[in-house]
Amino acid sequence: MLGLAASPVWAETDRLTRFSTMTSLEDGWEPLTFPNIETHTRYTLDTDDGQQVVRADADDSASGLIARVELVPGDSLTLSWRWKVSNIYEAGNAREKSGDDYPARIYVAFEFQPDKAGFFERARRKTVEVLFGETLPGNALNYIWANQLPEQSMVANAYTDKTMMIAVNSGPSQVGEWVTVTRDLVADYRQAFGEEPPAIVGVAIMTDADNTGEQATAWYGDLT
């Protein structure tokens, strides 16, 4: 669950809709797609282990589901979830662009802080926002089911150092099993970026295979 210590509680409109109670994928979540990626991962409501979950099927594809929120995390904010994957990617490698795919990941996006960005970064972001009509987040944490990266490792994303990859699971030993994960988002942000986190503006799930061209299925339980 999202547990708070010395932090504001979630506003009713910012609560993450539980997958177990959804009647459609549009209940509090929306598609997350990327420019120049035409093949999207397929997300459906499914029943597994006696509970409704979200199933993601990736086949040389990439997209996610995102819940847009706005919350200043305070001194501590924990996020818990459970997930299961069918397999890991043979060519998966968090340190290389060609291997930047994960059978399961949780993406936490934080508000952009223009006062901490240089001129060229601000200009680049403004251009992208004009072209695609959407305000971009700032730093991000990605909790991943990795292939080669040791568990608990944290590395910069192969495409940008504004996103840090944290291997909360790695390798095939728990493939096919439900695994529960709990993380302190504030502690992880401090370790990743060396400063206090700004507001959280989005939480997403994503199963992608566009770089490796492989296939995988993931099941996501409630994020709380």
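Across segment 20-27, computed HN-Hα scalar couplings (Karplus, 6.51 cos²θ - 1.76 cosθ + 1.60, θ = phi - 60°) run 5, 10, 6, 9, 7, 5, 8, 7 Hz from first to last residue, x flagging Gly and Pro. Highest mean packing comes first when the peptides 177-186, 101-110, 211-220 are listed by Cβ atoms within 10 Å, giving 101-110, 211-220, 177-186.
At a temperature of 25 °C and a viscosity of 0.890 mPa s, determine how fast segment 160-224 diffuses translationally according to Stokes-Einstein, using the Kirkwood radius over alpha-carbon pairs as Rh; express D in µm²/s, rounded to the nearest whole number. Translational D for this selection: 167 µm²/s. Close amide H pairs (under 5 Å, H built 1.01 Å from N) link residue 94 with 147, 148, 149, residues at least 5 positions away or on another chain.
The order of 154, 164, going from fewest to most other C-beta atoms within 10 Å of their C-beta, is 154, 164. How much FRET efficiency would the formula 1/(1 + (r/R0)^6) give for residue 173 and residue 26, where r is the Cβ-Cβ distance and R0 is 30 Å, rounded to 0.05? Once the sixth-power term is evaluated, E becomes 0.25. Close amide H pairs (under 5 Å, H built 1.01 Å from N) link residue 77 with 185, 186, 187, residues at least 5 positions away or on another chain.
Phi angles across segment 208-224 convert, under the Karplus curve 6.51 cos²θ - 1.76 cosθ + 1.60 with θ = phi - 60°, into 3J(HN,Hα) values of 9, 8, 6, 7, 8, x, 9, 10, 6, 10, 10, 10, 10, x, 4, 9, 9 Hz, Gly and Pro given as x.
Using the Karplus relation 6.51 cos²θ - 1.76 cosθ + 1.60 with θ = phi - 60°, the per-residue 3J(HN,Hα) values for segment 50-62 come to x, 9, 6, 9, 9, 9, 10, 10, 10, 8, 6, 9, 7 Hz, with x marking Gly and Pro. Between residue 48 and residue 97, the modelled label-to-label distance comes to 3.2 nm, taking each label 7 Å out from Cα in the direction of the beta carbon. Between the amide H of residue 69 and those of 202, 203, distances stay under 5 Å, these residues lying 5 or more places away or on another chain, with hydrogens modeled in the peptide plane. In terms of packing, defined here as the mean over residues of other Cβ atoms within 10 angstrom, the peptides 62-75, 33-46 line up highest first as 62-75, 33-46. Quote the FRET efficiency, to the nearest 0.05, computed for residue 196 versus residue 161 with a Förster distance R0 of 25 Å and r equal to the Cβ-Cβ distance. FRET efficiency, residue 196 to residue 161: 0.85.
Since every read-out is calculated from the coordinates, none of them should be taken as a lab result. What you are looking at is a predicted structure, and each value in this text was computed from that prediction instead of being measured. Every residue, glycine as well, gets a Cβ built from its backbone with ideal geometry; the counts of neighbours run over all protein chains shown.
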